[in-house]
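Here's the structure we're looking at; comments come further down.
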Ligand SMILES: [Zn+2]
C-alpha cells in the first residue's frame, strides 16, 4: 500500500509537470502558411512559427504548429508570404543619427535625382516654420541614374526659400540654399568679406565664373566637421520622439538590431538618453554599442580611455540596449586610415595603440577596429599576435571593421588569430573614381567578399550608415549578390549567393555581437524578431532584391511596423 501511494504520488507529480509544461507551451501567436526562411544551421525552410512572449517556441509545418494553439492564440495566416529573421546591421551609427533625425529627409537607395528632389521638397513642407532641413549624408550624386551633376543653387532654393537647407554628400562636400548662406552670414559673392563664424566656412565655398556662390562647399571631413557645429540640434523636449522616429524608420527598412560603433562627433548624452528610453517604455530597435570614445588622438585621451576600459564592464545591459565592445576608433594615429591610404604609425603611436589593446584584452573586452588598408591591418595583426600570446583573443571575437581592401594574407592571419570581419556595402553609392585611379582593376575586389566567405572566417554585412553610406539592408543584400552600385555600375566582382548574403546579414552579425543564442535565426528559444516580406527573397529576379519591402516587422513578438 505504501508502495502504491508512493507510486501514485509520483505519477500525479509527473502528470502535473506534463500539464504545466504544456500550459507554458501554448503560443500567444502562430504564423502559418508561410515560407519561413529560418536561417538556422541547415538554412531550412518551414511553414509556420509559434511565439510566446518575446520568444519563438516552435518552428515546423502547419499542422504541428496549429496543434499547439488554443482559443486564446492569435492566428496569423501568412498566405504564402516569405518570412525571414529581422535584419542586423553590424555597423550603423544610429545613436548619432537620432540627434538630428526629425530634420533629415533620408535618401537611402534613391536612384534618381528627380525623386531625391521630390523627397527633399516634400520633407520641407512637413517641417515647422524656421526649422532647418538637413540631409546628413547616406547618399552621393553618383547613385542617380538621371543626372549626377551638382545640385544648382536654383534647385536648392526650389526645396525651400524660407528655411536653411543643407545637403551633405557623404563626407565629401555639402550644398546650402540661399537661406542657409544668409543664416550662416556667408556672403554669396566672392567680392564681399565674411565676418564672424562665417569666416571659417566661407573658405570652402565654390564660386562660379562670375564670383557668385554655386551653393556647393568643398573641403571633405574638416569642412563638414566645422559646418555641423552650427547645425541646430533637436530641442531637448523632442529628443525622445526623435529616437522613436528614427527607430521606426529602421524597422520599416527591415532592421531589428544594429551594432553601433560610436564614432566621430557623437554626443555621450545621446547614449544615456537612448538607454533611458529603452529602460522606461522600451525601444523598437535593439542597439548593441561600443564604449564610444569619440576619436582619441592624444596620449592623454588614450590614458582616459584605458581608465574607462578598467572601470567599465561590457554586457551589463538588456536585450534592447547593451554596451558590448570597445571601438571602432580607439586611437586615431594607430589605425584610423581611409579608403585610399594606410596608416603608418610611429613607434611611439604604436606603443600607445598596443597599451590600449592590452588593457582591453586583459579586461576581456571585445574590440572592433576601424581599418581599411592591408598595411594598417598588418600592423594591427602584429600587435594582436603579441597580445594573443598572453590573452587568447579568439574567445573575445575581436573584429576588423570595414576592411574594404583586406587581402588574402590578412584574411589568413585573421583566421589564425580568431579575428572576425565586419564588411560594409559602401561602394553601392557608386563614386569609385579615386579608388579606381589608385587601385585600378583590383578595386573590383574591394571588398573581397568571395575570398572571405570561402575562407570560413566569421564575417557579417553592414553599411557604415547613416552618413558614410545608405542604410537599407535590402540594398546591401542586393549589392552583395550582384556587385552593383545603385546607378547600375559593376563595383564589386566577389559576390555572394542569396543564402550566403542573408546569413551574413542575420546570424553571422548576431555572432559578432555575442547574440548567436538570441538573434539572427528563426528557431525555438530565439527572440521573435522576424520580417514578413512583400516578395520572395530567394526567387524574385536579382535586380528586384533591393526593392523588397517588409510588410510587417516583428520585434520580440510585437508588431513594430507594417501590418499583419
Ligand atoms: Zn569606421
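No lab work stands behind these numbers, since they all come straight from the coordinates. Being a predicted model, the structure only gives us computed values, none of them experimental. Cβ placement follows ideal geometry from the backbone for every residue including glycine, while neighbour counts extend to all protein chains displayed.
Structural remarks
- Adding -39500 (n - 2.57) for every DSSP H run of four residues or longer, then dividing by how many residues the chain holds, sets the calculated 222 nm ellipticity at -10500 deg cm²/dmol.
- Cα centroid separation - the stretch 169-217 against the stretch 69-145, whole Å: 29
- A Förster distance of 45 Å, applied to the separation of the beta-carbon atoms of residue 74 and residue 451, puts the FRET efficiency at 0.45.
- Crossing angle, helix 113-126 versus the chain [Cα axis fit, 0-90 degrees, rounded to tens]: 80
- Rounded, prolate or oblate (a/c below 1.5 giving rounded, otherwise prolate when a/b exceeds b/c) for the stretch 217-320 by Cα gyration tensor: oblate
- Point-to-point label distance, residue 540-residue 386, nm (Cα→Cβ direction, 7 Å offset): 5.2
- Inter-probe distance in nm under a simple model that places probes 7 Å from Cα toward Cβ, at residue 189 and residue 125: 3.6
- When each of 324, 195 is scored by the number of other beta-carbon atoms lying within 10 Å, the sequence from fewest to most is 195, 324.
- The chain: antiparallel DSSP beta bridges as a percent of all, rounded to 5: 45
- Spacing of the modelled spin labels on residue 300 and residue 493, each 7 Å from Cα toward Cβ, amounts to 5.1 nm.
- Each DSSP beta bridge with both residues in the stretch 294-520 is either parallel or antiparallel, and the antiparallel ones are about 5%.
- Considering only the stretch 100-228, percent of DSSP beta bridges that pair antiparallel, nearest 5: 70
- Short to long, the 5 Å bins of the Cα pair-distance histogram for the stretch 100-228 hold 2, 11, 22, 25, 21, 13, 5, 1, 0 percent of all pairs.
- Rg/Rh ratio calculated on Cα atoms of the stretch 452-534 (Kirkwood radius): 0.99
- Tensor-based shape of the stretch 153-306 (alpha-carbon gyration tensor, a/c under 1.5 rounded, otherwise prolate or oblate): prolate
- FRET efficiency estimate (nearest 0.05) - Cβ-Cβ, residue 281 to residue 150, R0 45 angstrom: 0.55
- Cα centroid of the stretch 508-532 to Cα centroid of the stretch 281-298, whole Å: 20
- Extension gain, residue 41 to residue 378, is 118.1 nm, computed as 0.36 nm per intervening residue step minus the present C-alpha separation.
- Shape of the chain, Cα gyration tensor, a/c cut at 1.5: prolate
- The stretch 389-511 pair-distance distribution - Cα-Cα, 10 Å bins, rounded %: 14, 46, 31, 8, 1
- Difference of contour (0.36 nm per residue) and Cα-Cα distance, residue 340 to residue 319: 3.8 nm
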